[in-house]
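Encoded as structure tokens, the structure appears first; notes follow it.
The numbers here are math on the coordinates, done by the rules we state, and not lab data. These figures come from a predicted structure and were not determined experimentally.
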Amino acid sequence: MKNPLALLKSNRVSRKASLGFSLVEILIVLLIISILMTAGVMGLKNLSAGKGTSSAIATCESLFNEARTIAISKRCKSRLMIDINDNDSDDYLRRVVIAHQKINDDGTIDPNAWILSSRAYTLPAATFFSREHSKLVDESKIPEANMSGENFTARYAGNYVFYEFNAEGIPALTPTGESFIGASFIIGGGIRPKGQEPRLIKDAEKDLAGFVIWRNGRTSTYRNPEHMEIDTSQKKF
């Protein structure tokens, strides 16, 4: 028969040994924590970027509706315009403004003079208009114009891409005769070093949003990049 005192002593030693963790166990726990923290940070980045494009595209749809309403109420052409004046500026591909044709005192319209209709809206940080993917229905680029006028101060005068509505609130014809009906408006989340075009980042390849403009001036939002017929493996946007 075993000595009860010896058994008690053995149990005490066993319990003391089981109270600690080995170095390997501690390293495994630290590795798991590191992986979970990395995944969490990446998830937060994607969530933040997604919110940026989602809120921006909703606001831009409202701005299109505002531009259409201005055209109808003033019975003249209006434009929604995106700044492309200086790619060293923070406003490049992010500042959105609305303008309408100048109405003279006698009620006539000056077709060559434009008036800013409202204050500018700036897309959220790291969110940019896509000149690469925003196109007319025939796949040609959205037209550009140099804008100036009596209330186009030095801050606003310059080059823009633009979408235009006629006095009935219907998407107009471009200066070269193409229609804005069916044109797409695409934005994306990414990075843009000063002086360069924006690029998608690895964890935001699908962070693109947009809509199409119909004949009645209304818009329909795209659900995903496949509906926009965009190859997300191409980083430039």
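Taking the inverse of the average 1/r across all pairs of different Cα atoms in region 46-151, what Kirkwood radius in Å do you get?
Kirkwood radius, region 46-151: 15.2 Å.
Dividing the alpha-carbon Rg of region 129-237 by 2.2 N^0.38 Å yields what?
1.17
Subtract the Cα-Cα distance of Ser220 and Ile103 from 0.36 nm times their separation in residues, and report this length gain in nm to one decimal.
Here the segment from Ser220 to Ile103 would lengthen by 39.0 nm.
Set the bar at 26 Å for Cα to Cα. Now go through Lys77/Lys235; Lys141/Lys235; Lys77/Lys141; Lys102/Lys194; Lys74/Lys141 and name every pair that lies beyond it.
Lys77/Lys235; Lys102/Lys194; Lys74/Lys141, as the Cα separations exceed 26 Å there.
Given the Cα atoms of region 22-221, and with Rh set as the inverse mean 1/r over their pairs in the Kirkwood sense, what is Rg to Rh to two decimals?
On the Cα set of region 22-221, Rg over Rh gives 1.14.
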